[in-house]
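Quick notes on the structure that follows.
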Amino acid sequence: MTPYPHRPAPAAADALPRRAPLVLMYHRVASVAFDPNRLAVTPRRFSRQMAWLHRWGLRGVAVGELVAAMRSGEHRGLVGITFDDGYADLIEHVPAVVDRYRFTATVFVVSGRLGGVNDWDRGTPWPLVDADGVRRLAEAGLEIGAHGRQHVALAGTEPEVLRAETYGSRADLEALLAAPVSGFAYPYGSMDVAARAAVRAAGYAYGCAVFAKRAEQGLVALPRMYAGERDTAFRLAAKRLLHRRHVTR
Ligand SMILES: [Zn+2]
(Lines give C-alpha, C1' and ligand atoms only; values in the text may rest on other atoms or scores of the structure.)
Protein backbone atom coordinates (compact mmCIF):
# COMPACT_ATOMS: atom_id res chain seq x y z
CA MET A 1 0.00 0.00 0.00
CA THR A 2 1.43 3.34 -0.96
CA PRO A 3 1.34 5.98 1.69
CA TYR A 4 -0.53 9.14 0.95
CA PRO A 5 1.70 11.70 -0.70
CA HIS A 6 2.69 14.38 1.73
CA ARG A 7 0.38 17.35 1.70
CA PRO A 8 0.83 20.42 3.82
CA ALA A 9 -1.50 20.05 6.76
CA PRO A 10 -4.40 22.48 6.64
CA ALA A 11 -4.00 25.17 9.27
CA ALA A 12 -6.82 23.55 11.23
CA ALA A 13 -5.80 25.22 14.47
CA ASP A 14 -6.21 28.58 12.76
CA ALA A 15 -9.49 27.87 10.95
CA LEU A 16 -12.71 29.68 11.79
CA PRO A 17 -16.03 27.88 12.11
CA ARG A 18 -18.33 27.89 9.09
CA ARG A 19 -20.10 30.93 10.39
CA ALA A 20 -17.66 33.06 12.36
CA PRO A 21 -19.21 35.32 14.99
CA LEU A 22 -19.42 39.07 14.61
CA VAL A 23 -16.71 41.09 16.36
CA LEU A 24 -17.38 44.80 16.89
CA MET A 25 -14.55 47.31 16.88
CA TYR A 26 -14.79 50.41 19.01
CA HIS A 27 -12.16 52.94 20.03
CA ARG A 28 -13.30 55.54 22.53
CA VAL A 29 -16.54 55.88 24.51
CA ALA A 30 -16.98 59.57 25.32
CA SER A 31 -18.88 62.67 24.23
CA VAL A 32 -16.32 64.39 22.03
CA ALA A 33 -16.97 67.67 20.22
CA PHE A 34 -14.29 67.21 17.56
CA ASP A 35 -13.84 63.71 16.18
CA PRO A 36 -12.57 63.90 12.59
CA ASN A 37 -11.70 60.19 12.48
CA ARG A 38 -15.08 59.08 13.90
CA LEU A 39 -13.43 57.07 16.63
CA ALA A 40 -15.72 57.99 19.49
CA VAL A 41 -19.15 56.73 20.40
CA THR A 42 -21.14 58.56 23.08
CA PRO A 43 -21.82 56.63 26.30
CA ARG A 44 -25.55 56.87 25.49
CA ARG A 45 -25.16 55.31 22.05
CA PHE A 46 -22.80 52.62 23.31
CA SER A 47 -25.24 51.74 26.06
CA ARG A 48 -28.07 51.46 23.51
CA GLN A 49 -25.97 49.26 21.26
CA MET A 50 -25.24 46.87 24.13
CA ALA A 51 -28.95 46.91 25.02
CA TRP A 52 -29.73 46.02 21.42
CA LEU A 53 -27.43 42.98 21.55
CA HIS A 54 -29.03 41.90 24.80
CA ARG A 55 -32.56 42.34 23.41
CA TRP A 56 -31.67 40.09 20.48
CA GLY A 57 -30.47 37.37 22.83
CA LEU A 58 -26.84 38.01 21.95
CA ARG A 59 -24.05 38.18 24.47
CA GLY A 60 -21.10 40.54 24.10
CA VAL A 61 -17.83 38.87 25.07
CA ALA A 62 -14.08 39.43 25.15
CA VAL A 63 -12.41 37.90 22.12
CA GLY A 64 -10.38 35.50 24.27
CA GLU A 65 -13.66 34.06 25.50
CA LEU A 66 -15.09 34.07 21.98
CA VAL A 67 -12.12 32.15 20.58
CA ALA A 68 -12.36 29.55 23.37
CA ALA A 69 -16.07 29.19 22.55
CA MET A 70 -15.32 28.80 18.83
CA ARG A 71 -12.86 26.03 19.63
CA SER A 72 -15.50 24.10 21.53
CA GLY A 73 -18.25 24.94 19.00
CA GLU A 74 -20.22 26.95 21.53
CA HIS A 75 -20.01 30.40 19.94
CA ARG A 76 -23.61 30.69 18.88
CA GLY A 77 -25.17 33.95 20.06
CA LEU A 78 -21.83 35.48 21.03
CA VAL A 79 -20.54 38.79 19.67
CA GLY A 80 -16.98 40.01 20.30
CA ILE A 81 -16.67 43.50 21.77
CA THR A 82 -13.32 45.25 21.30
CA PHE A 83 -11.75 48.64 21.97
CA ASP A 84 -8.55 49.61 20.17
CA ASP A 85 -5.79 51.94 21.43
CA GLY A 86 -6.78 52.01 25.13
CA TYR A 87 -8.16 55.51 25.71
CA ALA A 88 -7.77 56.75 29.26
CA ASP A 89 -11.49 57.32 29.88
CA LEU A 90 -12.67 53.81 28.92
CA ILE A 91 -12.80 52.93 32.60
CA GLU A 92 -15.48 55.58 33.17
CA HIS A 93 -18.09 54.08 30.86
CA VAL A 94 -17.24 50.64 29.56
CA PRO A 95 -17.18 48.37 32.65
CA ALA A 96 -20.50 49.68 34.00
CA VAL A 97 -22.37 49.17 30.72
CA VAL A 98 -20.77 45.82 30.00
CA ASP A 99 -21.50 44.58 33.54
CA ARG A 100 -25.16 45.58 33.27
CA TYR A 101 -25.72 42.71 30.83
CA ARG A 102 -23.03 40.41 32.18
CA PHE A 103 -21.01 41.00 29.04
CA THR A 104 -17.22 41.17 28.79
CA ALA A 105 -14.95 42.97 26.32
CA THR A 106 -11.34 43.27 25.17
CA VAL A 107 -9.20 46.41 25.24
CA PHE A 108 -6.13 46.43 22.96
CA VAL A 109 -3.47 48.75 24.35
CA VAL A 110 -0.26 50.13 22.79
CA SER A 111 2.37 48.97 25.26
CA GLY A 112 5.04 51.54 24.33
CA ARG A 113 2.64 54.48 24.50
CA LEU A 114 1.01 54.00 27.90
CA GLY A 115 0.24 57.38 29.46
CA GLY A 116 0.79 59.11 26.10
CA VAL A 117 -1.60 60.28 23.39
CA ASN A 118 -2.79 58.86 20.06
CA ASP A 119 -0.52 61.09 17.97
CA TRP A 120 -0.57 58.53 15.15
CA ASP A 121 -4.01 59.87 14.21
CA ARG A 122 -4.66 63.35 12.89
CA GLY A 123 -6.90 65.55 14.96
CA THR A 124 -7.09 66.14 18.66
CA PRO A 125 -4.59 64.03 20.61
CA TRP A 126 -6.49 61.93 23.11
CA PRO A 127 -4.95 60.59 26.35
CA LEU A 128 -4.14 56.90 26.48
CA VAL A 129 -4.38 54.76 29.57
CA ASP A 130 -1.21 54.55 31.67
CA ALA A 131 0.21 51.42 33.32
CA ASP A 132 -2.00 51.81 36.36
CA GLY A 133 -5.02 52.32 34.10
CA VAL A 134 -4.27 49.06 32.28
CA ARG A 135 -4.30 47.26 35.63
CA ARG A 136 -7.57 48.93 36.58
CA LEU A 137 -9.20 47.85 33.32
CA ALA A 138 -8.05 44.28 33.94
CA GLU A 139 -9.31 44.43 37.53
CA ALA A 140 -12.67 45.65 36.20
CA GLY A 141 -12.90 42.33 34.34
CA LEU A 142 -11.90 43.43 30.85
CA GLU A 143 -9.50 41.34 28.80
CA ILE A 144 -6.28 43.20 27.95
CA GLY A 145 -4.84 42.53 24.52
CA ALA A 146 -1.85 44.01 22.69
CA HIS A 147 -2.00 46.58 19.90
CA GLY A 148 1.75 46.73 19.25
CA ARG A 149 4.36 48.83 20.99
CA GLN A 150 4.26 51.92 18.81
CA HIS A 151 1.07 51.58 16.74
CA VAL A 152 2.85 50.96 13.45
CA ALA A 153 1.33 49.38 10.33
CA LEU A 154 2.73 45.85 10.17
CA ALA A 155 2.26 45.00 6.50
CA GLY A 156 5.62 45.14 4.71
CA THR A 157 7.64 45.96 7.81
CA GLU A 158 11.09 44.52 8.69
CA PRO A 159 11.39 41.33 10.78
CA GLU A 160 12.91 43.12 13.82
CA VAL A 161 10.07 45.62 13.93
CA LEU A 162 7.52 42.83 13.49
CA ARG A 163 9.01 40.96 16.41
CA ALA A 164 9.16 44.01 18.67
CA GLU A 165 5.58 44.98 17.86
CA THR A 166 4.12 41.50 18.32
CA TYR A 167 6.29 39.51 20.73
CA GLY A 168 7.56 42.67 22.45
CA SER A 169 4.16 44.17 23.20
CA ARG A 170 2.96 40.84 24.58
CA ALA A 171 6.00 40.59 26.86
CA ASP A 172 5.49 44.20 28.05
CA LEU A 173 1.87 43.60 28.99
CA GLU A 174 2.44 40.22 30.58
CA ALA A 175 5.11 41.79 32.79
CA LEU A 176 2.77 44.66 33.67
CA LEU A 177 -0.21 42.44 34.49
CA ALA A 178 1.65 39.36 35.71
CA ALA A 179 -0.91 37.43 33.66
CA PRO A 180 -1.04 35.87 30.19
CA VAL A 181 -1.99 38.08 27.24
CA SER A 182 -3.49 36.07 24.41
CA GLY A 183 -4.84 38.60 21.91
CA PHE A 184 -3.40 41.03 19.40
CA ALA A 185 -5.08 43.67 17.22
CA TYR A 186 -3.25 44.88 14.10
CA PRO A 187 -2.83 48.67 14.18
CA TYR A 188 -4.81 50.18 11.24
CA GLY A 189 -5.88 46.59 10.51
CA SER A 190 -2.62 46.39 8.54
CA MET A 191 -1.33 42.82 8.07
CA ASP A 192 0.21 40.45 5.57
CA VAL A 193 1.45 36.84 5.62
CA ALA A 194 4.59 37.78 7.61
CA ALA A 195 2.61 39.80 10.16
CA ARG A 196 0.18 36.93 10.75
CA ALA A 197 3.12 34.53 11.11
CA ALA A 198 4.73 36.90 13.64
CA VAL A 199 1.50 37.03 15.67
CA ARG A 200 1.37 33.24 15.69
CA ALA A 201 5.07 32.95 16.56
CA ALA A 202 4.68 35.45 19.41
CA GLY A 203 2.30 32.98 21.04
CA TYR A 204 -0.98 34.82 20.66
CA ALA A 205 -4.12 32.70 20.54
CA TYR A 206 -5.78 35.16 18.15
CA GLY A 207 -5.28 38.30 16.09
CA CYS A 208 -7.97 40.87 15.32
CA ALA A 209 -7.91 42.38 11.85
CA VAL A 210 -10.38 44.89 10.48
CA PHE A 211 -11.08 43.87 6.93
CA ALA A 212 -9.77 40.40 6.07
CA LYS A 213 -10.28 38.70 2.72
CA ARG A 214 -12.03 35.38 2.97
CA ALA A 215 -8.82 33.48 2.17
CA GLU A 216 -6.97 35.32 4.95
CA GLN A 217 -9.61 34.91 7.65
CA GLY A 218 -8.62 32.77 10.58
CA LEU A 219 -7.93 32.98 14.29
CA VAL A 220 -4.97 35.30 13.61
CA ALA A 221 -7.02 37.38 11.16
CA LEU A 222 -10.45 37.74 12.70
CA PRO A 223 -12.52 40.19 10.70
CA ARG A 224 -14.10 42.98 12.73
CA MET A 225 -16.90 45.40 12.02
CA TYR A 226 -16.51 49.08 12.89
CA ALA A 227 -19.16 50.34 15.31
CA GLY A 228 -19.70 54.04 15.83
CA GLU A 229 -22.02 56.84 16.81
CA ARG A 230 -24.16 56.48 13.68
CA ASP A 231 -24.95 52.86 14.38
CA THR A 232 -28.56 52.77 15.39
CA ALA A 233 -30.32 49.46 16.01
CA PHE A 234 -31.28 49.32 12.34
CA ARG A 235 -27.73 49.86 11.13
CA LEU A 236 -26.35 47.32 13.59
CA ALA A 237 -28.80 44.74 12.29
CA ALA A 238 -27.72 45.54 8.71
CA LYS A 239 -24.06 45.22 9.69
CA ARG A 240 -24.73 41.86 11.27
CA LEU A 241 -26.17 40.60 7.99
CA LEU A 242 -23.27 42.06 6.01
CA HIS A 243 -20.84 40.32 8.32
CA ARG A 244 -22.58 36.99 7.77
CA ARG A 245 -22.24 37.34 4.01
CA HIS A 246 -18.59 38.23 4.40
CA VAL A 247 -17.60 35.27 6.60
CA THR A 248 -19.99 32.40 5.94
CA ARG A 249 -18.23 29.55 4.19
ZN1 LIG B 1 -5.28 51.62 16.78
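The values are calculated or read from the model by the stated rules, or taken from the named source; none is laboratory data. From a predicted model like this one, the values you see are computed outputs, not experimental measurements. Don't worry about glycine lacking a Cβ; one is built from the backbone with ideal geometry, like all the others, and counts go over all protein chains shown. In case anyone asks, the SASA skips ligands and DNA or RNA and just uses the protein heavy atoms, side chains included. Shrake-Rupley method; radii C 1.70, N 1.55, O 1.52, S 1.80 Å.
When Lys213, Lys239 are compared by accessible area at a 1.4 angstrom probe, the order from most to least is Lys213, Lys239. Packing, as the average of other Cβ atoms within 10 Å across residues, places the peptides 220-228, 115-123 in the order 220-228, 115-123, highest first. Ordering Ala51, Ile144, Pro180 by Cα displacement along the dipole of the chain toward the positive end leaves Ala51 in first place; charges were set at the Cβ atoms of Lys, Arg (+1) and Asp, Glu (-1). Taking all protein chains together, Trp126, Trp56 sort by accessible area into Trp56, Trp126, largest first [probe 1.4 Å].
The mean accessible area for residues of the chain, using a 1.4 Å probe and ignoring ligands and nucleic acids, is 49 Å² per residue. When Glu143, Glu92, Glu165 are compared by accessible area of protein heavy atoms, the largest-first order is Glu92, Glu143, Glu165, using a 1.4 Å probe.
Projected onto planes of every orientation and averaged, the convex hull of the alpha-carbon atoms in the stretch 39-196 covers 9.7 nm². Rounded to the nearest Hz, the phi-derived 3J(HN,Hα) couplings of the stretch 44-49 under the Karplus curve 6.51 cos²θ - 1.76 cosθ + 1.60 (θ = phi - 60°) are 5, 5, 4, 4, 5, 5, where x marks glycine and proline. The phi-based Karplus calculation (6.51 cos²θ - 1.76 cosθ + 1.60; θ = phi - 60°) puts the 3J(HN,Hα) values of the stretch 133-145 at x, 4, 5, 5, 4, 5, 5, 6, x, 8, 7, 9, x Hz, whole numbers, x for Gly and Pro. Annotation: amide H-H contacts under 5 Å for Arg59 (H modelled 1.01 Å from N, sequence separation of 5 or more, or interchain): Leu78, Val79.
Across the accessible surface of the stretch 21-247, with the other protein chains kept in place and a 1.4 Å probe, carbon and sulfur atoms take up 54 percent.
The packing ranking, built from the mean of other Cβ atoms within 10 Å per residue, places the peptides 37-43, 17-23, 182-188, 206-212 in the order 182-188, 206-212, 17-23, 37-43, highest first.
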